[in-house]
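This report refers to the structure that appears directly beneath it.
The values are calculated or read from the model by the stated rules, or taken from the named source; none is laboratory data. Remember, it's a predicted structure, so these values are computed and weren't measured experimentally. Cβ: placed from backbone, ideal geometry, glycine included. Neighbour counts: every protein chain shown.
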Amino acid sequence: MTIIDIIDYLGTFAFAISGIRLASAKQFDLFGAYVVGFITAIGGGTIRDSLLDQTPFWMQHPSYLIVTFIALLFVLTFSKYLVRLNNTFFLFDAIGLGLFVVVGIDTTLHVGFPFWVAIIMGLITGSVGGVLRDILINELPLLFRKDIYALACVMGGVVYYACHLLDLSSGFTQIAAAISVMLTRILAVKFHIGLPVLKGSDDESPSNL
């Protein structure tokens, strides 16, 4: 098993937990929580593989179903602790985001696409699962709020490219890129750094268009 495989499974586990954790807050049943966790974990990678004209990764390896089930058992086992820690969702989401950005970039480069495409695919791999998760639980997706979310993914891509230019090892490059995404996301939330909100006038509601 390579480093990128380990990163992929850790990202799956982290994102599945983030989805299951939010589903439990909405009082979903066990099957519903599992579905939300699974879609959160595989959503971005499925869109990436479809755009790259590849068979979606989880269709070739049932292990992703198993990892999601393990995540469900983890949440059930430690539910009391996870509920007490209000930041658990944020932390697991940030970890999954960073890990999946790296997987998306690495997968795209191996197929033969240039770096600018790889950075976009890293963004898609990291963020689309969270968008689908938020839609399923009827929340405004994090990607569309003022939080630094998509830009954190882009930062990971820039760090990955910089390490590549410096001819650093693939393992170091992958870890550095993942950490840069996590730190960007965590620091942005800690210091309340966000993008300007696009505001329209009150009379521009859909009913008035």
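Of all the residues that make up the stretch 176-189, how many are within 13 Å of Gly96 (Cα to Cα) and at pLDDT below 95?
2
If you check Thr68, Thr46, Thr40, which single one turns out to be touching a Gly at 6+ places or on another chain (Cβ under 7 Å), in a helix (DSSP H, G or I), over 23 Å from Ala188 (Cα atoms) and of a type in the set (S, T, N, Q)?
Within the list Thr68, Thr46, Thr40, the selection yields Thr68.
Consider the stretch 103-148. How many of its residues are over 15 Å from Gln54 (Cβ atoms), without any contact (Cβ under 8 Å) to a residue 60 or more places away in the chain and surrounded by fewer than 16 Cβ atoms within 10 Å (Cβ to Cβ)?
8
With respect to Val158, determine if the residue is of a type outside the set (D, E, K, R) and buried (at least 17 other Cβ atoms within 10 Å of the Cβ).
no
Would you confirm whether or not the stretch 85-105 contains a residue that is farther than 23 Å from Leu183 by Cα and either in a helix (DSSP H, G or I) or among the hydrophobic types (A, V, I, L, M, F, W, C) (or both)?
no
Give me the pairs: first residue in the stretch 62-75 and farther than 11 Å from Ile20 by Cα, second residue surrounded by 15 or more Cβ atoms within 10 Å (Cβ to Cβ) and polar (S, T, N, Q), beta-carbon distance under 9 Å, and six or more apart or on different chains, which are they?
Every condition considered, the pairs that remain are Ser63/Thr12; Tyr64/Thr12; Val67/Thr12.
Only one residue in Thr2, Thr46, Thr55 is surrounded by 14 or more Cβ atoms within 10 Å (Cβ to Cβ) and polar (S, T, N, Q). Which one?
On inspection, the qualifying residue turns out to be Thr46.
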